[in-house]
Amino acid sequence: MSVSTTPVVAAALRPGAWGFRLGLLLALAGVAVLAAAVAALLVLGIGIWGNNMPHVWGFDLIAYAWWIGIANAASLFAAVLVLRRHGLRTAVNRFAEAVALAAVLAAALYPILHLGRPWLFHWTIAYPATTGLWPQFGSPLVWDFWGIMAHVIVTALFWYVGLIPDLATLRDRAAMQGRLGLARAYGLFALGWRGSVVHWHRHQAAYRLVAALVLPLLLSAQTVVALEFATTLVPAWHQARLPVHMVVTGLPSGLGVVLAMAAVLRHALSIERIIDAGDMDVLARLLACAALASGASYAHEILTGMVFEDSATRAAFTARAFGAGAPAYWGAILLSVLLPQLLWRRALRLRAEVVIPVGLLAAAGVWLDRWSLVVGGLLREHLPAHAVAYVPSPAEWALLVGSAALFGAVLLLFGRAIPVVAMFEIRHEESLEDVAEEER
Amino acid sequence: MREDAQNAWLQELPRPLTGLAWGNAALFDPQTAAALRLAPGDEVELTLGGRSVLAASWPVAGQAPGCVTLPLGSGRQAAGAVGTGRGFDANLLRPSDGAWTAPGLIVRRTGARADLVATAAPHRVDEAGAVPRLRPGEGFAPIARGASLHPDWPYEGRAWGMAIDVDACIGCNACALACQAENNVPVVGPQELARGRGMHWLRVDRYDQPSAAGPAASFQPVPCMQCEKAPCEPVCPVNATVHDNEGLNVMVHARCVGTRTCSNNCPYKVRRFNWNDHRPALDTPRRNPEVPLRPRGVMEKCTYCSHRIAAARTQAKIEGRALRDGEVETACQRACPTQAITFGDLNAAGSAVAAKRHDARSYALLGDLGTRPRTTYLAQRVPRDTA
Amino acid sequence: MSRPRPCGAIAEFTEAEALVAAIRAARAAGWSALEAHAPHPVPDAAVALGAKAAPVAWIAVGAGIAGAAIAYGTAWYLSVYDYPLNVGGRPPNAWPAFLPAAYIVGVLWAAVAALLGMLWLNGLPRLHHPVFFARGFHRASQDRYFLFLMAEDPRFQPASALAFLRGLDAVRVSEVRAA
């Protein structure tokens, strides 16, 4: 039994392979780009971006909504696996949570950086200031402050608490190998976990409880982002269906990234036995399913946008989906709805060279959808404005690339330092399988 | 005037009929432009009597077919940093006898795009009902307050309001310029203006109103509507834009962190954002000391000249009397040559603005959105046989 | 030098079922201060030890309600009494707009309380514990199961405890003493 988790531990404890080093180097170079973009932004101001009136939001909010969508879908997926006690959770739970955490960190950059005066972001927090003023609690941006805070805190805690028993394993393994410094480091973070059966009982209860609480929290996190748009008077945004639409269309991004990550990890870390073909099969079909659900939401949007809405909304939607905004709108549908349908073919979904691009392109498709909403949604407003097209500047591209690199760097370091799959879950699964075999 | 060419306020002010700024363009009628396959802003080479200039083309409703108007006064060689090299010099084609018209112009499309700063589309149609037109005897129902989930907020003291007569407006843009001078509104320059980053607190929208009698246009000055149910306010996370007790939608620059979500939620799009720091250029003795300069990264907008209101309120208090109707004049109001703008206390019995608000021509822009604007309009009147 | 009193006696098992059986036997024999250790959750063993998870849920419920109430209460107090402002013509207590944040904060408090409450109920973090000094205990986080009879038990005598454990299906039985 102990043999099966050895590759996981080995991956966490062995010195870096050249592929890992190259990847980390690239990611850190991207993080340096991010640092430069942030520094330029703080020194020169938001004028270096391509925004204007009425396009006051662009890459900033697109990337924010997109990263939240990835985090949201990945967390949702992990939580559902825990609640359903699905066998897949042993294989993908931990890194689905890590994907969520890394994506939330990438997302959390934007609410601060998109401000005209980012150094004053703490004014959205209720604290007794010398001005005597408080935040405006009715603002969707204050809801969002709490939404992103809750998202970061709960995702991180959920991930960490699930990790504690595995950190104890790493502590004991390192001690056995005589690496006492490392054992101390892991031991500190394992909080003295000693595998007490009673502790396990409470641990599992709390873990499942939080998994259940993650569902409403994630829905609200994505929903609050959507509400920043839906509560405005902009015709293309002011729709009750928008929060649901953003949750559903966000699913392919998170699942696509988890699928691509799973395909990369199982080869890179040689853990094909743990994340097996069956797991990849289920994951790929899940992405195809999510893409179908997303397609249904688009169909509903097109139907309501063209038929049931008032004339201002119809005009705005027409411009967004069939006018100047059409490439982004239909590009999103092509990449995040139609392309994943390839995965219904078993022969295709078991090939890493298919699954990785399809997963990542699905995520790119969701990015296009957010572009279509944030930029395309302003093509038609109440008054015929002379809207100068929004063209992102190099500074904005640098920020996007940088946040993606940050995401990659966090994931790489995560894969290097800690077990990429939950070892205790594997042991648990296998002990259950043993019992089942004996009963047979 | 040469002096005016060096005036950045004037250079940046949109020309009323074309919406162009920082330069001029050869004006074609839309059919001629279409026949020559000219898109707005395409560069053309104009040749007359063996001399030629390169110019931007721009279609204008009402321009006679087969005839091109070349505005004079641009394309200067020595007019300082502001005025040099803006647009093309039509004098180069003008006959030596000083004639105002000349036949035989040759137009050639160069295939390039001209460096043109446009603040409005060449053809604007009033789809939203922004400038309704009334025939004799017609009128609107009184402006309704509209339904709300919440109880109304009472304004028992003064309630500042503005009425703008679209019928009287000739689209001269003097109000926009007066506002700019009064409120230390920055000039952003042609590059930033072309990117859609103009800062004018008050803009004059033009709507083409073609009729049997010929081409025509309506002009609508659009300052902040000072909505009672201001959509910009509930979305601000830091209380940087709130109402005062006289119903002004005030913008607290010092409190603004620059989320720009207020601008997203403004259906009139009258809020302006400081994408860059304009203070160095503005901080000269020319500036109005009563109005603060705004730093980079904050929103700003029309205040109903709240500094003038404050000054009048103080003066009345010193003299121990009530404010008189018409005592507070906004900068746009004072500059208007046709007196299209009326400002005052809507709660004061017999005030001019209250009378205009209760006029049968009075209407609220996008009134069905429930924003309850304090700025309302008086509709244009048209003769019975047109429109 | 007198031998220090041991902290307890420990038995090591290779199978979870053996651990469950051992717990049941110890319970039947009247041992009250005992702890079991396993590399993964063993629900049967937890039931045999009488572990209860309900307090975790109650902590979460209480914290969730408190968090939501505090979030709404702060928004209400600060907007209505401390610094009332006319924001877009809404009344100071614009309750529909206060609900989303109250809901999110409630869920946040519930989730954080569930996780921190679990650690608190478990007495963690506790980096130093006598059981870590048991021989071979590092495999408790990998593939072995342990039953630990603690010296706090009033009937604990080193000899009888070891004798009892030897009667079980254990691969190793030893005394635990703090170093």
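The values are calculated or read from the model by the stated rules, or taken from the named source; none is laboratory data. Treat the numbers as computed from the prediction; the structure is a model and nothing was measured. Cβ coordinates were reconstructed from backbone atoms using ideal geometry, including for glycine residues, and neighbour counts include every protein chain displayed. Accessible surface is based on the protein model in full, side chains and every heavy atom, while ligands, DNA and RNA are left aside. Shrake-Rupley method; radii C 1.70, N 1.55, O 1.52, S 1.80 Å.
Tabulated data
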{"quantity": "Cα gyration tensor category, rounded, prolate or oblate, for region A:168-229 with a/c compared to 1.5", "calculated": "oblate"}
{"quantity": "Point-charge dipole on Cβ atoms (K/R +1, D/E -1) for region B:2-118, about Cα centre, debye to 20", "calculated": "180"}
{"quantity": "Taking the C-alpha atoms of region C:54-121, convex hull volume expressed per residue in Å³", "calculated": "72"}
{"quantity": "Cα extents of region B:133-381 along the three principal axes, largest first (Å)", "calculated": "53, 50, 40"}
{"quantity": "Portion, in percent, of the accessible area of the protein assembly as shown that falls on carbon or sulfur, probe 1.4 Å", "calculated": "63"}
{"quantity": "Highest-MSF residue in chain A out of A:Pro140, A:Pro384, A:Pro111 [GNM, Cα springs under 10 Å]", "calculated": "A:Pro384"}
{"quantity": "Interface A:B - total buried accessible surface [probe 1.4 Å, Å², rounded to 100]", "calculated": "3900"}
{"quantity": "For region A:49-78 and region A:32-46, distance of Cα centres in Å", "calculated": "18"}
{"quantity": "Furthest towards positive pole of dipole, B:Ala281, B:Thr376, B:Ala90, structure part chain B, Cβ charges", "calculated": "B:Ala281"}
{"quantity": "Straight-distance crosslink candidates among lysines, where the alpha carbon sits under 21 Å from B:Lys301 and sequence neighbours closer than 8 are dropped", "calculated": "B:Lys229, B:Lys269"}
{"quantity": "Neighbourhood net charge (15 Å Cβ-Cβ; Lys/Arg +1, Asp/Glu -1) for A:Ala404", "calculated": "-1"}
{"quantity": "Chain B: relative contact order in percent, alpha carbon pairs under 8 Å with at least 6 residues between", "calculated": "20"}
{"quantity": "Principal axes of the protein assembly as shown: Cα extent on each, largest first, Å", "calculated": "124, 72, 53"}
{"quantity": "Cα-based shape type of region B:103-247, given that a ≥ b ≥ c are square roots of the gyration tensor eigenvalues and the cut on a/c is 1.5", "calculated": "oblate"}
{"quantity": "Nearest-20 debye value, the protein assembly as shown charge dipole, Cβ charges on Lys, Arg, Asp, Glu", "calculated": "1240"}
{"quantity": "Contact surface C-A: accessible area buried, both sides summed, square angstrom, 1.4 angstrom probe", "calculated": "5100"}
{"quantity": "Neighbour net charge for C:His37 - beta-carbon separation under 15 angstrom, K R +1, D E -1", "calculated": "+3"}
{"quantity": "Convex hull volume per residue in cubic angstrom - Cα atoms of chain A", "calculated": "171"}
{"quantity": "Probe 1.4 Å, accessible area per residue of the protein assembly as shown, Å²", "calculated": "40"}
{"quantity": "Cβ-placed point charges (K, R +1; D, E -1), dipole of chain A about Cα centre in debye, nearest 20", "calculated": "620"}
{"quantity": "Cα centroid separation - region B:1-80 against region B:285-345, whole Å", "calculated": "36"}
{"quantity": "Probe 1.4 Å, all protein chains present, accessible-area order of C:Leu85, B:Leu149, B:Leu54, largest first", "calculated": "B:Leu149, B:Leu54, C:Leu85"}
{"quantity": "Backbone HN-Hα couplings from phi across region B:68-80 [Karplus 6.51/-1.76/1.60, Hz, Gly and Pro as x]", "calculated": "10, 9, 10, x, 7, x, 10, x, 6, 8, 9, 10, x"}
{"quantity": "Low-density loop positions, trypsin sites (Lys or Arg not before Pro), region C:80-179 - DSSP coil, at most 15 other Cβ in 10 Å", "calculated": "C:Arg126, C:Arg135, C:Arg155"}
{"quantity": "Among B:Ala355, A:Val82, B:Ala33 the positive-end extreme of the charge dipole of the protein assembly as shown (Cβ point charges)", "calculated": "A:Val82"}
{"quantity": "Dipole of region B:133-381, positive direction: furthest Cα of B:Met199, B:Trp160, B:Phe140, with charges on the beta-carbon", "calculated": "B:Met199"}
{"quantity": "Across the protein assembly as shown: Cys residues that no other cysteine approaches within a C-beta distance under 4.7 Å", "calculated": "A:Cys289, B:Cys67, B:Cys169, B:Cys172, B:Cys179, B:Cys227, B:Cys236, B:Cys256, B:Cys266, B:Cys305, B:Cys336, C:Cys7"}
{"quantity": "Base-10 log of normalised Debye intensity for region B:253-377 (one unit scatterer per alpha-carbon) at q = 0.17, 0.19 Å⁻¹", "calculated": "-1.14, -1.25"}
{"quantity": "Total formal charge among the other residues, if their Cβ is under 15 angstrom from that of B:Thr32, Lys/Arg +1 and Asp/Glu -1", "calculated": "+1"}
